[in-house]
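See below for the structure under consideration.
The values are calculated or read from the model by the stated rules, or taken from the named source; none is laboratory data. Here the structure is a predicted model, which is why all the values come from computation and not from measurement. All Cβ positions, even for glycine, are placed from backbone atoms using ideal geometry, and neighbour counts span all protein chains on display.
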Amino acid sequence: MDQSSKKISVLEKVGFSLGDSAANFIFQTIMLLQLSFYTNTFGISATAIAVLFLVGRLVGAFADPVMGVIADRTNTRWGKFRPWILWTAIPFGIFGFLAFYTPDLGQTGKIIWAFATYILLMLVYSANNIPYSALSGVITGDQKERNSLFSFRFVFVVLATIAIQGFAIPMVSHFGKGDSAKGYMITMGIFSALAVLFFIATFSWTKERVKPNPEQKQSLKQDISDLMKNGPWVIMFLIFVMMFIFLAVRNGMLLFFFQYNLDISSMTVFLSNLNHGTFGLLEKIGMAGNNADVAGSVFGITNIFGQLASILGIIVSNLLVSRIGKRNVFVLGLALATVFAALFYIVPPTGIALVLILQILFNFSWGITMPVPWAMMADVADYSDWKFNRRSTAIVFAGIVIGLKVGLAIGGAISSMLLQWSGYVAPPANVSWIAQSASAISGIRLATSIYPAIAIVLVIILLFFYKINKSMEIKMQDELAERRKAY
């Protein structure tokens, strides 16, 4: 039996998926809370943050192809990619913790600390995530098993996202007891420790099956040439840039939307009603409080419901992909997500229930898209193997993940500068909330809805130029399996 088409056990799917849960303990925190952390807790300027996000993420982006080249040329008894997940597990946890630690330094010292820890985290993230991403392309070559693998993966991504979006802010409040720096330190210590354990599980429970031809000669020049001639790769690179501009801008601004666009008294009533319905459970887990805590609690609860809707979207996605193919499912989910994201613009300050409904609908739609682009990346690696008779899985994944990092860099810088341009004023030290001007509130609302939605419209347009459809997926799978029988 061709090992690349072997049925994958549930344990292996879980083990692989835990790796993305681990990465998302850090990644989601960066996406969702780091702008707020640097602005309101760490205490550096919006301009410094914009430069930091741009430089740090671009450094990570340029490290990706280097890591792809190294990983493709790694040969151990554990495979090419799994060892890197093990070797980087502890450094990943350490720098994930340090990036949210507030040292007792002056403004200059804090900026140096932020740049050093953030850039080192981005480098370790590349050394971990490129091999992890490439691992998904070599666990199995069977399209059905691969789709199932990615569905498992993104259910676990959602569970990690629930932990961050739903509980991180209440945990910061609970552990900090008014000192957000202490709260972030303890909260990120917990998430970083879990990340290390999960990475070790990924290494232990997975296996690499899709092997390159042992007679294939390694050539960096040829790898780059193959990428440049790989049309689907170019399209996916651009798609990842635009997708992560969307995510960086929207997610980076979302907490600000809750804090400044929604009415505190309306959120208090919402929490009170919900707390009564849960027999006081919200107070027991720290999801209730005063003023700024109220916004954070509503933010967390809304995201929990939204992420649960994402799981349903992932399940629906797997069913749809088997019928209409990845590209069509991707377009469908993106179109719905764009509409629901843009509708946040019309939410009135008292519309707490409307925010909850829109966030559930948005996350369901985004859940439909979540497994698809990553499965498409594996198809692009297969396309390179099929078209050029050379398999360089990690460099293909690394090239596309560069798009992710570039999108995060641009999106992170945009979100920080949008705050500045709108007239947002950061609260003074040890103050978590102050009133903002009408222009700042309007800018936050636009940056949570209309502005990021433009990026997704561009993604939908790009997908009409992506040529790997369902019939081509099956053709590549069968022909590549036949070739592998020779070695």
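Here are some notes:
- The single condition from (1) in contact with a helix residue (DSSP H, G or I) (Cβ under 9 Å, 6 or more places away or on another chain); (2) surrounded by fewer than 24 Cβ atoms within 10 Å (Cβ to Cβ) that G178 fails is (1).
- Residue match in region 96-116 (condition: in a helix (DSSP H, G or I), free of Cβ contacts under 8 Å to residues at least 40 places away in the same chain and within 28 Å of V138 (Cβ to Cβ)): no
- Qualifying position, being over 20 Å from I200 (Cα atoms), of a type in the set (A, V, I, L, M) and under 16 Å from the mean Cα position of the chain (by Cα), among A160, A61, A116: A61
- Options L332, L336; residue that is within 19 Å of S151 (Cα to Cα), surrounded by fewer than 24 Cβ atoms within 10 Å (Cβ to Cβ), under 21 Å from the mean Cα position of the chain (by Cα) and at pLDDT 90 or above: L332
- Of all residues in region 140-154, exactly one satisfies the criterion of being hydroxyl-bearing (S, T, Y) and outside any helix (DSSP H, G or I), namely T140.
- Verdict on T206 being touching an Asp or Glu at 6+ places or on another chain (Cβ under 6 Å) and of a type in the set (S, T, Y): yes
- If you check I434, I441, I402 for being within 24 Å of G296 (Cα to Cα) and touching a Phe, Trp or Tyr at 6+ places or on another chain (Cβ under 8 Å), only one passes: I441.
- Some residue of region 4-12 being hydrophobic (A, V, I, L, M, F, W, C), within 24 Å of the chain's Cα centre (by Cα) and over 22 Å from I414 (Cβ atoms): yes
- Neighbours by Cβ (under 9 Å, 6+ apart or cross-chain): first from region 305-330, without any contact (Cβ under 8 Å) to a residue 40 or more places away in the chain; second of a type in the set (D, E, K, R) and crowded, with 24+ Cβ neighbours inside 10 Å: none
- Filtering region 459-478 to residues that are touching a helix residue (DSSP H, G or I) at 6+ places or on another chain (Cβ under 6 Å) and part of a helix (DSSP H, G or I) leaves V459, I460, L462, L463, E473, M476, Q477.
- Residues within region 54-70 that are surrounded by fewer than 21 Cβ atoms within 10 Å (Cβ to Cβ) and out of contact with any Leu (no Cβ under 9 Å at 6 or more places or on another chain), tallied: 6
- Exclusive hit being surrounded by fewer than 18 Cβ atoms within 10 Å (Cβ to Cβ), out of contact with any Phe, Trp or Tyr (no Cβ under 9 Å at 6 or more places or on another chain), of a type in the set (D, E, K, R) and not in a loop (DSSP other than H, G, I, E, B), set K221, K217: K221
- Restricting region 407-418 to residues that are surrounded by 24 or more Cβ atoms within 10 Å (Cβ to Cβ) and modelled with pLDDT of 85 or more leaves a set whose member that is farthest from I239 (Cα to Cα) is S415.
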